[in-house]
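This report refers to the structure that appears directly beneath it.
Where a number appears in this text, it was derived from the coordinates with a stated rule and is not lab data. Quantities reported herein were computed from a predicted structural model and do not represent experimental measurements. As a convention, Cβ positions derive from the backbone with ideal geometry for all residues, glycine included, and neighbour counts pool all protein chains shown.
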Amino acid sequence: MTNPDDTGVTVLGLGAMGSALATALLDAGHVTTVWNRTPDRAAGLSARGATAASAIGEAVTDHPLVIACLLDHASVHETLDPVVDRMRGSVLVNLTTTTPNEARELATWAAGHGVGYLDGAIMATPPMIGTPEASILYSGSEEVFDAVRPVLDRWATSTHDGADSGLASLFDLAMLSGMYTMFAGFLHGAAMVGSVGVSATEYAARATPFLSAMTAGFAHHAGVIDGGDYTAPGQQSLDFSDLSHIVRASEEQGVDPVPIAAVQELISKQIAEGHGAEGFARLYESLRADRADRADTADQAGRAASAASADRADRTEALR
Ligand SMILES: NC(=O)c1ccc[n+]([C@@H]2O[C@H](COP(=O)([O-])OP(=O)(O)OC[C@H]3O[C@@H](n4cnc5c(N)ncnc54)[C@H](OP(=O)(O)O)[C@@H]3O)[C@@H](O)[C@H]2O)c1
């Protein structure tokens, strides 16, 4: 990130993440316009050379590349619905966290207004922006991705995950699901040893190397799932994996067993269905979407998002 670049960019949303994105652009020499619902938050960036737009209409017309890093899907519509007609021919890169269907809805909405759209999911914290540790996933138009990539690469390693605009969000939320489930497991373990006075800090020092080593199991389970054979040798059986003793130990210590009890429930279900001799990765079969159901759900959610979009358009029209 060393070559100065004067490509103009507008950044909407100057919270912790939007400010980090705008700062990285300014550091790289980009001509940068910033806008925030609460204008005071632009002061620091103005001092570094950004142009602070006083109105959203001015912000989105200053440059043909607009980055949105707002709170959620609703805030993107609330901010851009009134001015989207002035963005025809521009590119909108939306780095606001949304669900996959919300991202797809935004892509359709943008296309309907002649705006190029790319959805992004930031796999980093604000201080990581502009460092090699940061990664941002993108999905949607590959043509748009290629065209704006030099700007995207200012922030992180940029990857394009496919033409479906919902994919970046799907990967993001899937990984966050794994992360939060793991954190809940960690907190449950800390509560178990905490019941006899062991500090969470001491527990963390013990748990970190163990849990880090256990992540090697991801590739093993993935191989079993993709191979589709839960009876192949080398797997720990579900009967052997029964976790009732951990649930009991938690209760004995007066600790709510809810995180581990949820895993035990999945194990018990598979055992009850006659799969006790099969491998632990079989839990995937209890979790995965049935393809027909999944298509229906996505279709229904897409229709609901479109209906909400039409409703918003009516309300925006009424405001004009
Ligand atoms: N921070 C992270 O570590 C991180 C990591 C990955 C992804 N993200 C995603 O990045 C996005 C921004 O996160 P952040 O950390 O910058 O959040 P934040 O510090 O809470 O900032 C939220 C931003 O959204 C604006 N906003 C909220 N509601 C709005 C509305 N209705 N209309 C217009 N603007 C509105 C806020 O404006 P005001 O100043 O006026 O309130 C502010 O600029 C989120 O979608 C988040 O999930 C963040």
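Descriptive notes on the structure:
- Cut-off under 5 Å, modelled amide H: who pairs with THR51 long-range: THR32, THR33, VAL34
- Computed from point charges on the beta carbon alone (+1 for Lys and Arg, -1 for Asp and Glu), the dipole magnitude for the chain about its Cα centre is near 620 Debye.
- 12 Å beta-carbon shell around ALA52, net charge (K/R +1, D/E -1): -1
- Square roots of five times the Cα gyration tensor eigenvalues for the chain, Å: 43, 24, 19
- Within the shell defined by Cβ-Cβ distances under 12 Å, the residues around VAL247 carry a net charge of -4, with Lys and Arg each +1 and Asp and Glu each -1.
- Selected from VAL93, LEU71, PRO82, residue furthest toward positive end of dipole (the stretch 53-95; charges at beta carbon): VAL93
- Placing unit charges on the Cβ atoms only, positive for Lys and Arg and negative for Asp and Glu, gives the stretch 4-170 a dipole magnitude near 340 debye about its Cα centre.
- Among the DSSP helices (H) of the chain, those spanning at least 30 angstrom by Cα along their long axis with an average Kyte-Doolittle hydropathy of 0.0 or more are 167-194; this is a geometric and hydropathy rule only.
- For the stretch 88-199, the dipole from Cβ point charges (+1 on Lys and Arg, -1 on Asp and Glu) about the Cα centre works out to 260 debye, to the nearest 20.
- The loop-placed trypsin sites (Lys or Arg not before Pro) in the stretch 191-299, going by DSSP, that have at most 10 neighbouring Cβ atoms within 10 Å of their Cβ come out as ARG288.
- Inter-label distance for HIS113 and SER286, nm, one decimal - labels placed 7 Å from Cα along Cα-to-Cβ: 4.5 nm
- GNM top mover of VAL11, VAL93, VAL263 - the chain, alpha-carbon springs below 10 Å: VAL263
- Under 5 Å from the amide H of THR7 lie the amide H atoms of VAL31, each residue being 5 or more positions distant or on a separate chain, with H modelled from the backbone and absent for Pro and chain starts.
- Estimated 222 nm signal from helices in the chain, with DSSP H stretches of n ≥ 4 weighted -39500 (n - 2.57), rounded to 500: -16500 deg cm²/dmol
- Exposed loop sites are taken as GluC sites (Glu not before Pro) in a DSSP loop (any state but H, G, I, E or B) with at most 13 other beta carbon atoms within 10 Å; the longest stretch of the chain without one runs 134-272.
- Set of the stretch 207-237 residues, backbone N closer than 19 Å to the point 7 Å along the Cα-Cβ line of ALA277: 228-237
- Residue order, fewest to most surrounding Cβ atoms within 10 angstrom, among HIS245, HIS188: HIS245, HIS188
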